[in-house]
Amino acid sequence: MRAVVATAVAVAGYLATTNSIATFYAPNDAQLAALFAPGNARILAELSRQSLQQAAQSAADQGEAERLARLALRRDPTAVSAVATLGLLAELKGDLVGARRDFSYAERLSRRDLAAELWLIEDAVRREEVPDALRHYDIALRTQAGANEILFPVLVNASLEPAVAQQLAKRLRLRPAWGDEFFGYLANNTSKPQVTVDLFLTLARQHVPVTEAAQSTLLARLIGAHELEAAWRYFTTIRPGLDRTRSRDPAFTANIAVPTPFDWIPAGDAGISVTVQRGASSGAAVFSAVPSVGGNLLQQVQLLPPGRYRIEGISEGIDQAKHEQPYWLLQCIADGRELGRVIVTNSAEQNGHFGGEIEVDRNCNAQSLILVARPSSALGGLSGMITRIELLPLSLGFPSVDSGKK
């Protein structure tokens with residue numbers, strides 16, 4: 001564990017004895033400032049930091065850095081930069097006890113010194129004290145603007161380690177201000193989405209809400225990585241009681257702020273407008289497309305087992321030439337082939353009801369159910385709404401290898 005976290009800290013760029021001093025202390029021209037205010041403790045502290053930058057390369061400058069730091073502290077005992085300088089000097093000399101004392105004092109003076117918190121994180125890792133390391137992560141992330149750019153990548157990598165994930169869940173249970181932003185970053189950047197699912201499930205059991213955006217992103221990444229079973233298991237913890245042999249939310253009534261790939265997702269192509277208008281008892285997918293423009297309108301990922309299915313629904317407002325009517329397409333995600341399509345006939349026919357049958361073969365374990373608009377030659381283009389759409393199983397375990405159309 002220590003090696004994993006220590007490596008991650010190093011990747012973040014903080015090494016007390018090398019170039020981290022220059023990285024995290026980006027001073028202005030402190031020497032010029034000293035000409036105007038030679039007795040200013042803050043400027044002396046900054047000068048000591050500049051000297052220490054050189055001291056990391058040349059031991060001859062360490063004495064000057066220490067002299068300036070102690071002079072700054074005589075002028076102002078609360079000069080945090082000077083205390084941190086003394087702590088780094090102590091570590092350079094191999095005095096780890098003295099370094100800990102100095103950095104602990106620096107933190108008591110102010111929790112807004114990022115370098116001090118980074119050193120204390122590294123020291124906690126060195127002592128294999130994960131809870132203490134995470135406490136300093138929390139302090140830095142709450143008090144320092146931009147600290148997330150340094151610490152989130154480290155925390156994402158460290159969260160893959162079970163011992164760290166366990167303690168991280170305890171920290172997130174306290175609902176820190178940076179928690180929601182971290183959820184999104186973690187979902188986008190984790191190298192092992194399944195491990196991150198385990199962390200999110202742990203948080204759910206502890207009644208810690210994970211943002212819907214993070215949940216959606218993580219599900220999309222699992223599907224993109226072909227981790228379909230893991231994606232479905234996680235989705236059913238978010239939306240319990242679902243059946244994978246049928247589509248979801250047939251009447252557009254689900255109260256969803258950020259849809260996942262397993263929910264209805266409107267398209268956003270140029271020339272096409274789609275909105276899902278949700279209601280307590282009934283809703284609708286309302287769409288339009290300018291003349292001569294076609295494309296996907298609405299889609300939902302399915303994990304249907306092999307078998308024969310029926311697609312049926314109800315439309316309103318559709319009035320197109322027969323060869324320009326929209327249709328529902330079931331497409332295999334892995335290779336893009338069409339498994340079947342069902343035409344959405346004009347709404348004046350059969351009171352808007354439409355339907356048809358399709359087959360899913362054994363070579364396609366993930367599909368997209370897509371509403372497709374064909375280019376319309378009508379003066380007003382295409383417009384209408386779907387008030388109900390459902391994909392239902394007719395018979396499972398259909399033996400056919402090739403897909404069919406009905």
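Please treat every number below as a calculation from the coordinates, not as lab data. Worth saying up front: this structure is predicted, and the values here are computed from it rather than measured. All Cβ positions, even for glycine, are placed from backbone atoms using ideal geometry, and neighbour counts span all protein chains on display.
Using a simple spin-label model with pseudo-atoms 7 Å out from Cα toward Cβ, R108 and D132 lie 1.6 nm apart. For segment 159-238, just say rounded, prolate or oblate: build the C-alpha gyration tensor, square-root its eigenvalues into a ≥ b ≥ c, call rounded for a/c under 1.5, and beyond that prolate if a/b exceeds b/c, oblate if not. Note, shape of segment 159-238 comes out prolate.
Whole-Hz Karplus values for segment 361-369 come out as 8, 6, 9, 9, 9, 9, 9, 10, 9 Hz, taken residue by residue from phi with 6.51 cos²θ - 1.76 cosθ + 1.60 and θ = phi - 60°; glycine and proline positions read x.
About its Cα centre, how strong a charge dipole does segment 159-238 have in debye, to the nearest 20, once Lys and Arg get +1 and Asp and Glu get -1 at the Cβ? Please report the intermediate quantities before stating the final value.
Numbers: 8 positive and 7 negative charges, 54 e Å.
Approximately 260 debye in magnitude.
Is segment 83-136 best put as rounded, prolate or oblate by its Cα gyration tensor, with a ≥ b ≥ c the root eigenvalues, rounded for a/c under 1.5, and otherwise prolate when a/b is larger than b/c, oblate when not? Because a/c hits 1.5 or more and a/b fails to exceed b/c, segment 83-136 counts as oblate.
If the cut-off is 19 Å between C-alpha atoms, which aspartates and glutamates fall inside it for K170, apart from same-chain ones fewer than 8 positions away? Of all the aspartates and glutamates, those that pass the test against K170 - Cα under 19 Å, at least 8 places apart if same chain - are E128, E129, D132, D138, E161, D180, E181, D198.
If we sort 111-122, 141-152 on the protection proxy, mean other Cβ atoms within 10 Å, highest first, what's the order?
Details: 111-122: 23.2, 141-152: 16.0.
Ranked from most to least packed, the peptides come out as 111-122, 141-152.
Length gain on complete extension for the stretch A145 to L174, per 0.36 nm per residue less the alpha carbon to alpha carbon distance? Could the numbers behind the result be given before it?
Numbers: separation 29, 0.36 × 29 = 10.44 nm, distance 2.03 nm.
Net length gain for the segment: 8.4 nm.
Residues within the reach of a label modelled at R239 (point 7 angstrom out along Cα to beta-carbon, backbone nitrogen below 13 Å), restricted to segment 297-341, are 299-303.
Distance between the pseudo-spin-label points of K192 and D335 (7 Å out from Cα toward the beta carbon): 3.3 nm.
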